[in-house]
Amino acid sequence: MTQNEAINTRILLAARPIGYPKISDFEIDKTLIPTPGPGELLVRTLYLSLDPYMRHRMADARSYAPPAPLGEVMIGAIVGEVVASHNPDWRVGEFVEGRLGWQQYAISDGTGMARVDPSVAPISTALGVLGMPGLTAYFGLLEIGRPVPGETVLVSAASGAVGAAVGQIARITGCRVVGIAGGTRKVAYITGDLGFDAGIDYKAEDDLGAEIAAACPEGIDVYFDNVGGTITDATLDYLARGARIVICGTISQSSLAAPELGPRIQGKLMTAWASMQAFNVFQFTARHEIARARLAGWLGDGRLKYREDVVDGIENAPGAFIGLLRGENFGKRIVKVAESTANRATA
Ligand code: NDP
């Protein structure tokens with residue numbers, strides 16, 4: 001083992017952000033690689049997932065999960081490989097996914113970890129299209145949105161990890177799909193590579209409502225809301241009768257000191273006899289494996305595509321996360337932390 005490999009670089013939560021997180025809200029910490037005890041294993045991180053929910057967990061605010069502790073390793077999911085094991089259930093060389101945080105090496109007793117099969121798809125997809133974001137798209141759209149063939153599905157943050165999968169699953173379901181994304185490249189991607197029926201660049205539009213009206217002439221049957229705020233406001237006048245709004249995320253509000261006030265939503269829902277329902281991907285944990293198998297099938301037959309936005313090096317995770325909150329990512333943002341020592345398919 002070289003001197004470099006003996007060091008475990010970890011990113012700690014140094015301060016609770018005010019507004020958009022800053023680099024100084026994180027601390028890069030170097031410590032020795034820990035040694036697993038009885039029943040434990042040592043996991044070497046290969047990929048770290050960066051996700052919008054982390055912004056909520058950095059705050060000390062009421063949430064469905066406790067805040068990330070100050071001074072501790074930042075929370076997050078990784079894909080890694082087992083490099084030492086004193087646990088008979090886990091073998092050295094296995095690829096795993098688990099919530100082991102922003103660090104190069106972590107000790108685990110195996111709780112909450114899942115095996116990742118590299119023969120199904122590149123292992124990084126366990127953090128994206130075959131992982132939490134893909135499952136969010138699957139359950140949010142199919143269970144909460146309940147799309148019917150022929151209906152119009154509108155999705156925001158449409159080129160991102162969740163949004164891209166939502167649009168494609170809606171297409172597989174037989175719906176007409178319109179995506180809202182920031183910038184011409186993202187819109188070209190969803191309408192070109194992913195086959196969305198229409199795309200709207202909200203950053204280029206002065207009158208987003210008019211663009212939505214033009215792209216959804218029959219109205220919106222399902223609005224899959226990844227962002228909240230003014231984009232959501234702009235959709236509300238174009239709901240078709242019986243529309244379903246899936247509240248998936250509110251990234252546009254997560255770094256604001258106080259949430260923006262929208263229009264009186266109740267009136268808009270009444271007009272369209274519409275409903276609005278929030279959900280969490282972990283409501284459906286018992287059915288994750290069934291969904292993952294369907295997603296993998298669509299991936300295998302080419303009906304589901306994905307895009308990854310890979311940043312190199314764990315030291316760059318804080319900046320990459322701040323960029324994600326500002327829309328600088330184009331696809332599922334992950335950090336490549338290391339190559340597999342087994343030198344297997346990890347790309
Ligand atoms: P993405 O890969 O879509 O990345 C985030 C994107 O959000 C950015 O690329 C940007 O896209 C968009 N964005 C950022 N700031 C704003 C803003 N101010 N206004 C509008 N759009 C903005 O992330 P994910 O796919 O991982 O997550 C998408 C949403 O789903 C998030 O809100 C997240 O919290 C939520 N989520 C919810 C889950 C649940 O269980 N309910 C589980 C997982 C995710 P653009 O450039 O197009 O604006």
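The values are calculated or read from the model by the stated rules, or taken from the named source; none is laboratory data. Here the structure is a predicted model, which means the values were calculated and not measured. FYI the Cβ positions are ideal-geometry reconstructions off the backbone, even for glycines, and counts take in every protein chain you see. Heads up: the accessible areas ignore ligands, DNA and RNA and are worked out on the full protein's heavy atoms, side chains in. Shrake-Rupley method; radii C 1.70, N 1.55, O 1.52, S 1.80 Å.
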**Asked** Sorted by accessible area with a 1.4 angstrom probe, largest first, how do HIS56, HIS288, HIS86 fall?
**Response** HIS86, HIS56, HIS288
**Request:** Round to the nearest 10 and report in Å² the accessible area of ILE7, as given by a 1.4 Å probe over the protein chains' heavy atoms.
**Result:** 60 Å²
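By Kyte-Doolittle mean hydropathy of at least 0.5 and Cα axial length of at least 27 Å, which whole DSSP H helices of the chain are selected?
For the chain, where a helix must reach 27 Å along its axis and average at least 0.5, there are no hits.
Over the range 165-306, what is the mean sequence separation of C-alpha contacts under 8 Å (at least six apart), divided by residue count, expressed as relative contact order in percent?
It comes to 19 percent, rounded to a whole number.
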**Prompt:** Using helices alone, what [θ] at 222 nm do you get for the chain, with -39,500 (n - 2.57) per DSSP H run of 4 or more residues, divided over all residues and rounded to the nearest 500?
**Reply:** -6000 deg cm²/dmol
**Message:** Under the 0.36 nm per residue contour assumption, what length would be gained going from the current alpha-carbon distance of ASP89 and MET270 to full extension?
**Reply:** 59.8 nm
**Complete:** Packing-ranked peptide list from 45-52, 240-247, 330-337, highest mean Cβ count within 10 angstrom first, is 45-52, 330-337, 240-247
**Request:** Would you work out the charge dipole size for the range 277-347 about its Cα centre, treating the Cβ of every Lys and Arg as +1 and the Cβ of every Asp and Glu as -1, and quote it to the nearest 20 debye?
**Result:** 360 debye
**Asked** Within the chain, how many lysine pairs that are 8 or more places apart, or on different chains, have C-alpha atoms less than 26 Å apart?
**Response** 15
**Asked** Which FRET efficiency, nearest 0.05, do ARG303 and THR35 yield, Cβ-Cβ r, R0 56 Å?
**Response** 0.75
**Inter-centroid distance (Cα atoms) of the range 213-265 relative to the range 165-212, Å** = 14 Å
**Request:** May I ask which residue of SER156, THR191, ILE169 lies farthest towards the positive end of the charge dipole of the range 136-193, with charges of +1 (Lys, Arg) and -1 (Asp, Glu) on Cβ and the Cα centre as origin?
**Result:** THR191
**Request:** Out of all DSSP beta bridges with both ends in the chain, state the antiparallel percent to the nearest 5.
**Result:** 55 percent
**Prompt:** Of all accessible surface on the chain at a 1.4 Å probe, what whole percent is carbon and sulfur?
**Reply:** 52 percent
**Item:** Part-to-part distance (alpha-carbon centres) for the range 12-41 and the range 70-118, which is given in Å
**Value:** 15 Å
**Asked** So how much slack lies between GLU328 and THR341, counting 0.36 nm per residue of separation and subtracting their Cα-Cα distance, in nm?
**Response** 1.6 nm
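Provide the per residue accessible area, probe 1.4 Å, for the range 195-347, rounded to a whole number of square angstrom.
Per residue, the range 195-347 has 50 Å² of solvent-accessible surface.
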**Prompt:** Is the shape of the range 115-198 best called rounded, prolate or oblate, per the rule: a/c under 1.5 gives rounded, else a/b larger than b/c gives prolate, else oblate, with a ≥ b ≥ c the square roots of the Cα gyration tensor eigenvalues?
**Reply:** oblate
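Suppose every K and R has +1 on its Cβ and every D and E has -1 on its Cβ; what is the size of the dipole of the chain about the Cα centre, in Debye to the nearest 20?
360 debye
Which value, in debye to the nearest 20, gives the size of the charge dipole of the range 53-107 about its Cα centre, when Lys and Arg are +1 and Asp and Glu are -1 at the Cβ?
On the way: 5 positive and 6 negative charges, 54 e Å.
So the magnitude is around 260 debye.
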**Per-peptide average of other Cβ atoms within 10 Å, ordering 96-105, 183-192, 159-168 highest first** = 159-168, 96-105, 183-192
**Message:** Classify the range 133-259 from the C-alpha gyration tensor, please: rounded if a/c falls under 1.5, else prolate or oblate depending on whether a/b exceeds b/c.
**Reply:** rounded
**Label point distance in nm, GLU218-LYS203, each placed 7 Å from Cα along Cα→Cβ** = 3.2 nm
**Exposure of CYS216 as accessible area (Å², to 10), given a probe of 1.4 Å and all protein chains** = 10 Å²
**the range 274-347 shape via C-alpha gyration tensor axes, a/c threshold 1.5** = oblate
**Item:** Gained length - ILE7 relative to ARG115, 0.36 nm times residue gap less alpha-carbon distance
**Value:** 36.3 nm
